[in-house]
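Inspection log for the structure reproduced underneath, given as structure tokens.
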2 protein chains.
Amino acid sequence: MVSYSARASHDPRFDLSDDEVDRIFRALADATRRDIIRRILSEDATVSQLAEPYDMSFAAVQKHIAVLEGAGLVTKHPSGRERIVRGNPEMLRRAQALLGRYEQIWRGRIDRLDALLAEDEPRESH
Amino acid sequence: MVSYSARASHDPRFDLSDDEVDRIFRALADATRRDIIRRILSEDATVSQLAEPYDMSFAAVQKHIAVLEGAGLVTKHPSGRERIVRGNPEMLRRAQALLGRYEQIWRGRIDRLDALLAEDEPRESH
DNA sequence: ACTATATGAAACCATTTGGTTGTACGTTAG
DNA sequence: CTAACGTACAACCAAATGGTTTCATATAGT
């Protein structure tokens with residue numbers, strides 16, 4: 001009766017393994033990578049285009065993109081000699097949904113507390 | 001005209017520095033720590049209580065809790081010789097809000113695309 | 001007072017991360 | 001065809017991470 005998977009028909013958020021979640025959050029735990037995501041979300045870009053603004057080697061940015069790709073936050077699509085990097089907002093939504101679950105847990109706790117306080121039949125609360 | 005900070009009066013999500021965000025996501029990028037958060041959210045616990053179920057040293061769990069504390073996801077409150085660890089759902093909501101921003105960006109991109117397609121006055125789209 | 005408990009903290013270690021440079025290779029342009 | 005470009009990848013390095021064990025300290029219980 002707990003509305004666990006109540007309106008969950010459309011959201012495949014639970015099929016993320018611990019490892020996948022690890023990779024998603026780890027990928028998000030770096031300012032450069034978050035910046036890349038922001039830029040990618042607003043417009044597709046090649047690896048070089050992405051690398052250009054940063055004060056680090058091209059290879060370094062390449063690695064950052066690889067981390068994002070490993071987390072499924074981004075995909076690469078060959079186009080001639082360049083690779084178009086495209087954002088995958090679905091993964092972001094899954095991460096967001098995951099955090100939403102925590103709030104659910106928190107609210108569940110509050111509810112339980114409320115229920116406890118509303119008890120009119122308190123059995124030995126030693 | 002871009003609804004940037006439109007309904008943002010109540011949410012202090014922008015005051016998180018890059019470093020803070022780094023720490024939050026990094027803290028979330030570990031299954032044990034996520035598990036600790038879940039448990040903490042549903043009920044306060046002491047460090048020992050938290051450490052008990054895991055197949056690792058007490059000190060290791062202590063460190064995990066320290067990471068969570070450093071990210072502001074958890075606070076410790078002395079009570080005699082033990083420390084009560086308490087969850088801080090506010091930080092989780094901020095992280096969630098941050099991810100929400102990404103979706104905003106994504107939607108902004110779609111809007112821009114729509115606008116482009118709806119253009120009835122297309123000037124040299126080379 | 002003494003002992004056990006709860007926590008903190010240091011020193012150490014293997015692995016991962018985030019960066020570098022250099023090399024190789026397919027693709028585009030002249 | 002050859003040169004320049006875009007990308008991939010390997011080797012290397014310093015620093016951070018996640019774990020360990022050990023020692024120290026404060027509080028609780030008897």
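Here are the numbers for the structure shown:
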item	result
Selection status of A:PRO122, out of contact with any helix residue (DSSP H, G or I) (no Cβ under 8 Å at 6 or more places or on another chain) and at pLDDT 95 or above	no
Only one of A:VAL85, A:VAL61 that is in contact with a Lys or Arg (Cβ under 9 Å, 6 or more places away or on another chain), farther than 16 Å from B:LEU98 by Cα and open to solvent by less than 60 Å² (accessible area, probe 1.4 Å)	A:VAL85
Where a residue in the range A:41-61 is touching a residue at least 12 places away in the same chain (Cβ under 8 Å) and its partner, wherever it lies, is within 12 Å of DNA strand C (Cβ to nearest atom) and assigned to a helix (DSSP H, G or I), with Cβ under 7 Å and at least six apart	A:VAL47/A:GLN62; A:VAL47/A:ILE65; A:LEU50/A:ILE36; A:LEU50/A:VAL61; A:LEU50/A:ILE65; A:TYR54/A:THR32; A:TYR54/A:VAL61; A:VAL61/A:ALA51
Criterion: small (Gly, Ala, Ser), under 25 Å from A:ALA29 (Cα atoms), modelled with pLDDT of 90 or more and part of a helix (DSSP H, G or I) - qualifying residue of B:GLY100, B:GLY72, B:GLY108	B:GLY100
In the range B:96-109, residue surrounded by the fewest Cβ atoms within 10 Å (Cβ to Cβ) [restricted to those that are among the aliphatic types (A, V, I, L, M) and more than 7 Å from every other protein chain (Cβ to nearest Cβ)]	B:ALA97
Sole exception among (1) touching a residue at least 40 places away in the same chain (Cβ under 8 Å); (2) open to solvent by 60 Å² or more (accessible area, probe 1.4 Å) for A:ARG112, by number	(1)
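The values are calculated or read from the model by the stated rules, or taken from the named source; none is laboratory data. Source: prediction; values computed, not measured. Glycine also receives a Cβ, built like all others from the backbone with ideal geometry; neighbour counts cover every protein chain displayed. SASA here: full protein model, heavy atoms, side chains in, ligands and nucleic acids out. Shrake-Rupley method; radii C 1.70, N 1.55, O 1.52, S 1.80 Å.
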